Amino acid sequence: MLEQTLQNNLSLIRHRIEKAAIQSGRLPETIKLVAVSKFHPIESIQVALKAGQRIFGENRVQEAKEKFSILREAWPDLKLHIIGTLQTNKVIDAVKIADTIETLDRPKLIDALNHAADKVGYLPDLLVQVNTGNEPQKSGISTKEADAFIDLCCQRFGSNIKGVMGIPPANEDPIPHFQFLSDLGKRHGLPEISMGMSADFEQAIASGATLVRVGSAIFGPRPISKPIS
Ligand SMILES: *Cc1c(COP(=O)(O)O)cnc(C)c1O
């Protein structure tokens, strides 16, 4: 994508975030933009970095490692969020490279993260992913199990648990899902609510999002498309 187009997209998204915040009586600086750069080349991420963007989201650990180990050298203050389903055999790598893992979604990952934290000597911030639509093909703890799972995660990881994350079902009104996530986070006293993507981040902000994950509206269509989970 052209440098100019990407810069324009980014400033448009920032402007829309600010506007959505003000319209719902929130301070714009309480909402952070996660620029989702999955499948996009390092060059595009560099353009975003030069335009002041610092938080990025990647789905796959291997791809994130390849791109961001290089980028971090030049941009030590960048933040990387892992937003894709985490396989247990990738947890150590994820812990090494991520500032935040947004996809703690099952009990098995608790043990794997504990083990990785011991080994690496560091634990990223963590968000609990909730499958708000209880969709069989989608990752995330079910709505029924969410409260108990969050309690368990907080017992194990304390203040590393920063909040909740979710992806509403496609072709459904996202607002009830956003509201559910927002209520859940508040109920547990967690500060971060990660929700809203290119198509619905303004609605997410109106429902209390503190992190919006925007990909295609910044970087353009993804070269290879893969269903999100
Ligand atoms: C790809 C992805 C996004 C960004 O989606 P866009 O529609 O391109 O903004 C957000 N969150 C997750 C979990 C994703 O996998």
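The mean sequence distance of close C-alpha pairs (under 8 Å, at least 6 residues apart), as a share of the length of the chain, puts its relative contact order at 21 percent. Using alpha-carbon positions, what is the distance between the centroids of the range 158-222 and the range 66-124, in Å? Going from one Cα centre to the other spans 20 Å. Over 22 Å apart at the Cα level, from the set K32/K186; K90/K144; K19/K162, are K90/K144; K19/K162.
The helix-based estimate of mean residue ellipticity at 222 nm for the chain, built from -39,500 (n - 2.57) per DSSP H run of four or more residues and divided by its residue count, is -13500 deg cm²/dmol to the nearest 500. Peptides 157-166, 64-73 ranked from most to least packed give 157-166, 64-73, packing being the mean of other C-beta atoms within 10 angstrom over each peptide's residues.
If each residue's Cβ is checked for other Cβ atoms within 10 Å, how do S37, S194, S142, S207 rank with the fewest at the top?
Listed from fewest to most nearby Cβ atoms, that is S142, S207, S37, S194.
Sorting the segments 147-155, 84-92, 24-32 by their residues' average number of neighbouring beta-carbon atoms within 10 angstrom, most packed first, yields 84-92, 147-155, 24-32.
Each value in this text was obtained by applying a stated rule to the coordinates, not by laboratory testing. Here the structure is a predicted model, which means the values were calculated and not measured. Quick reminder, even Gly has a Cβ in these numbers, built from the backbone with ideal geometry, and neighbours come from all protein chains shown.
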